[in-house]
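I have placed the structure first, in the form of structure tokens, so that the comments after it can refer back to it.
The values are calculated or read from the model by the stated rules, or taken from the named source; none is laboratory data. Predicted model, so just to flag it, every value in this text is computed and none were measured. Positions of Cβ are generated from backbone atoms using ideal geometry, with glycine treated the same way; all protein chains shown enter the neighbour counts. Each accessible area value is taken on the protein alone, full model and side chains, heavy atoms only, with ligands, DNA and RNA left out. Shrake-Rupley method; radii C 1.70, N 1.55, O 1.52, S 1.80 Å.
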Amino acid sequence: MSKHKTVKVDYLARVEGEGALYIRYDDQQVHDVQLKIFEPPRFFEGFMCGRDYREAPDITARICGICPVAYQMSAVHAMENALGLVLSAELHALRRLMYCGEWIESHTLHIYMLHAPDFLGYPSGVAMAKDHPQRVQDGLQMKKAGNAIVRLLGGREVHPINVRVGGFYRLPTATELGALRETLLPARDIAIATVRWAAALSFPQFERSADDAYEFVALSDPDEYPMNRGRIRSTQGLDIPVSDYDQHFRETHVKHSTALHSERVGRGAYFVGPMARYNLNYSRLSPLVQQVAREVGFPPFCANPFQSIVVRSLEVLYAFDEALRIIDHYCAPERPFEETEPRPAQGCAVTEAPRGLLYHRYQIDAAGKISNAKIVAPTSQNQKTIEDDLRLMLPQFMHLAADDLQARCEQAIRNYDPCISCSTHFLKLHLDPVGAAP
């Protein structure tokens, strides 16, 4: 008779926020996998109600210190959608430049401080820094460059304050953009070196069978690699406007988590984030990024989540390249913002947060007060897929020693760079070899 064993992680390290992991298995199969989110809900959707529609970008930016731009962008685009406002190409380019800064900030932090220790065999980024100081310095220099973008466009690095419904409060000057360009140029060279370093790491082999293949879901736009516009597409044929999101995706409660789990209606788990964007939009990456991907032998489609660190490094390079392109082609908008007048309306928007799709929907009344709000964070959309990954990959890793098995499970979760703070938080791990009640 097989003896049940348990992998129990009370607090997961090197992720954004707090949660826990519970896996019960024996020598034959995995019986249960639970990615537990136990941090209380923060009720952002509730306290948005009754606030002025113009406050939404600044309030939602406080949801997350890692990806405030994403929350701000989804909120401001949803309000502009409700009011029927379409921004000029110049203002759209500046919003996109700001998003480049956030991708650089967030991805660089995850690559070097959270995920790299898994591949190099260290318990933390601090421990890794003692033996690999240059890697950490490279990461910090790139993050500093990302901070410079967000500071210039957003007014400050964290929780930016310069975005408003209709545009920006203040536009950058040509002199400021020129100085920013000088900061980005050497950082782009470091980003190229980062791709080469990441692609040379040793990756656990894991790919799902055709029956369990991922459904990757991301924005897709014919004219650009997706950040803040496009249709929602998937590798299983989904192709819908953002306004149809609620018809195709729904959130459900599970007993072991305070966070809602998202699923594709009629299908189940799906996968958002850098790998989804990359797999669905490779052809829209810049020539430089595609060239570097070819040089390191990285394919246009990636199905091994342990290689997500390479995809993130390619997106960091893309963000630098795209930021420089926008600066080099910059034409100042005629005005910093378009005036807006409230009306009873509903609007929605999806933008590509560093971790994937971020959906916002609002209703406003004739006075411009928010009467209803819905926010679906990327991590809540990936939770089912993370649990499925652990369930499917564990049998091939059961030969590992207990400590190594635990480390592999944590690494598998960090493949997704979960931001539990956004969806509600995440882990400390220990093994119970004889099984225990969850």
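The label-point distance for Ile240 and Asp32, in a model that sets each label 7 Å from Cα toward Cβ, rounds to 3.3 nm.
Per residue, the Cα convex hull of the range 34-160 amounts to 144 Å³.
For the range 265-304, the direction-averaged projected area of the alpha-carbon convex hull comes to 3.5 nm². Only DSSP H runs of four or more residues enter the estimate; each adds -39500 (n - 2.57), and after division by the residues of the chain the mean residue ellipticity at 222 nm equals -13000 deg cm²/dmol.
When both bridge partners sit in the chain, DSSP labels roughly 95% of those beta bridges antiparallel. Geometric descriptor of the chain, per residue, is 132 Å³ (volume of the convex hull of the Cα atoms). Taken one residue at a time, the phi angles of the range 396-402 give Karplus couplings (6.51, -1.76, 1.60, θ = phi - 60°) of 7, 10, 5, 6, 6, 5, 3 Hz. Gly and Pro are set to x.
Of Ser220, Ser243, which has the most accessible area and how do the rest follow, probe 1.4 Å? Don't skip to the answer; put the middle values down first.
Working: Ser220 10, Ser243 80 Å².
The ordering from most to least exposed comes out as Ser243, Ser220.
Calculated on the alpha-carbon coordinates, the convex hull of the range 90-138 measures out at 62 cubic angstrom per residue. The calculated FRET efficiency for Arg208 paired with Arg267, based on their beta-carbon distance and R0 = 25 Å, is about 0.95.
Using only alpha-carbon positions in the range 153-242, the gyration tensor eigenvalues give semi-axes of 34, 25, 12 Å once each is multiplied by 5 and square-rooted (largest first).
Sorting Ile161, Ile59, Ile23 on solvent-accessible area from highest to lowest, probe radius 1.4 Å, gives Ile161, Ile59, Ile23.
Treating each Cα of the range 242-348 as one equal point scatterer and applying the Debye formula with no solvent, the log10 of I(q)/I(0) at q = 0.12, 0.13, 0.14 Å⁻¹ comes out as -0.73, -0.81, -0.89.
Ignoring ligands, DNA and RNA, what percent of the accessible area of the chain is carbon or sulfur (1.4 Å)? Spell out each step's value before the answer.
On the way: 8540 of 17080 Å².
The C+S portion of the solvent-accessible surface of the chain is 50 percent.
In this structure, the pairs whose alpha-carbon distance is over 23 Å, taken from Lys8/Lys255; Lys255/Lys384; Lys8/Lys143; Lys36/Lys384; Lys144/Lys384, are Lys8/Lys143; Lys144/Lys384. With R₀ set to 30 Å, the beta-carbon distance separating Asp10 from Arg156 gives a calculated FRET efficiency near 0.30. Can you tell me what percent of all Cα-Cα pairs in the range 325-424 are more than 24 Å apart? When every Cα pair of the range 325-424 is considered, 54 percent fall beyond 24 Å. Figure note: Thr258, Thr175 ranked by solvent-accessible area, largest first, 1.4 Å probe, ligands and nucleic acids not counted: Thr175, Thr258.
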